[in-house]
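The values are calculated or read from the model by the stated rules, or taken from the named source; none is laboratory data. Small disclaimer: the values here were computed from a predicted structure and weren't measured. Here Cβ is always computed from backbone atoms with ideal geometry, including for glycine, and neighbour counts include all displayed protein chains. The protein model used for the area step is the full one, side chains on, heavy atoms only, and it has no ligands, DNA or RNA in it. Shrake-Rupley method; radii C 1.70, N 1.55, O 1.52, S 1.80 Å.
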Amino acid sequence: MQGFYEDLFEAVESLAGRNASLDIGFGDFKEPGAERDAEIDRAVGAARVFVPLYSPEYADSPPRDREVFLDRLRTAADGKTGNVQPVLWVPLPDGRPFPDLTGALDLASDLPEYSAYGLSAMCRLKAHAGNYRTVVRRLAERIVETAELSVPVTGSSRPPVEFQTPPPAAISFVVAVVAPTESRLPPGRPAAYYGVRSTSWHPFRNRQELSVADYAALVARRLMMPTRVVDFASSDNRLETSPGLILVDPWVLAHDEGRAIVRAAFEALRRWVTLVVIVNRHDPQYEAGLALATQVMRMGASVTNQRVIKEAQEFEQQIMRMIGRTRRHYLNRPPGDESGP
């Protein structure tokens, strides 16, 4: 999201350079707290254009700052240059009404991938890079045109607004881990890759400070999703009713009970859950690990939503795409669908 903000900032700056009265941009990337609330209040009090990024989470808990903005600033007569310029960030479930959704779709109605995947996916995928830049430029033009038509505002006459952090969504994104622990190591396996719990598994320890579970959870939170990190074998993972990933260390097969746990992981798969087997190509025991990973994949040979990752860079590049895809499958499922993969 911050990358999109920076791209949009640059595009607006290039177009607005001729108008010295325009201040360019504010993005809400701070942690919740009084300082963040005060900064949002100041930005909303002076803004001429409001750019909401529509997603299922935004639809569930639209922030109050949008209504404060609309109360304060009159809407331009031209619908295409209105002071609210919405963006379809992540597609909403079919049939879900939401204010200004038509305006968000109109921004790139000529680009099918925009309505299908949203700008969040377009900004990450190289295949859509050209059209992504087109949408950013188009949005920047609308923002500048609207700002120049609007009455300048030096501040808000309203008292400071107490912005509340939206309550957490009922459904969390689940990151479940199948891996050994340091107290139950496979024979000959170094303890450095493991911790007290399975969720501490750290296959890319020479590249990433975080465990793979925490790294995936961080990416999910950046996509505005509440997350749960759980040990698959010992927790109520709720994958029947929650989107998620199951991260599997193939070395778990070195223990007798490991095969049963992996089978249970495959049985837990749904269309909105992906199983990811991780084996580090740079691990001194890579060949043995790869052989075990092959066994895991054979156990789920009939399952399509599984994959093997062998590099830290590959994990970093693919994790956001996998999270986004599983969430879309969850949001688009028929009501009451808890079917298997």
With (1) open to solvent by less than 20 Å² (accessible area, probe 1.4 Å); (2) among the small types (Gly, Ala, Ser); (3) outside any loop (DSSP other than H, G, I, E, B) as the list, and Ser242 as the residue in question, which single condition is left unmet?
(3)
Please indicate, with yes or no, whether at least one residue in region 274-291 is out of contact with any strand residue (DSSP E or B) (no Cβ under 8 Å at 6 or more places or on another chain), without any contact (Cβ under 8 Å) to a residue 12 or more places away in the chain, open to solvent by 50 Å² or more (accessible area, probe 1.4 Å) and outside any helix (DSSP H, G or I).
yes
For Arg307, only one of the following conditions fails: (1) touching a strand residue (DSSP E or B) at 6+ places or on another chain (Cβ under 8 Å); (2) open to solvent by 30 Å² or more (accessible area, probe 1.4 Å); (3) assigned to a helix (DSSP H, G or I). What is its number?
(3)
Sole miss for Val296 among (1) crowded, with 16+ Cβ neighbours inside 10 Å; (2) under 24 Å from the mean Cα position of the chain (by Cα) is condition (2)
Please tell me if Ala264 is assigned to a helix (DSSP H, G or I) and surrounded by fewer than 21 Cβ atoms within 10 Å (Cβ to Cβ).
yes
When region 217-239 is checked residue by residue, the ones that are open to solvent by 40 Å² or more (accessible area, probe 1.4 Å) and assigned to a strand (DSSP E or B) are Arg228, Val229
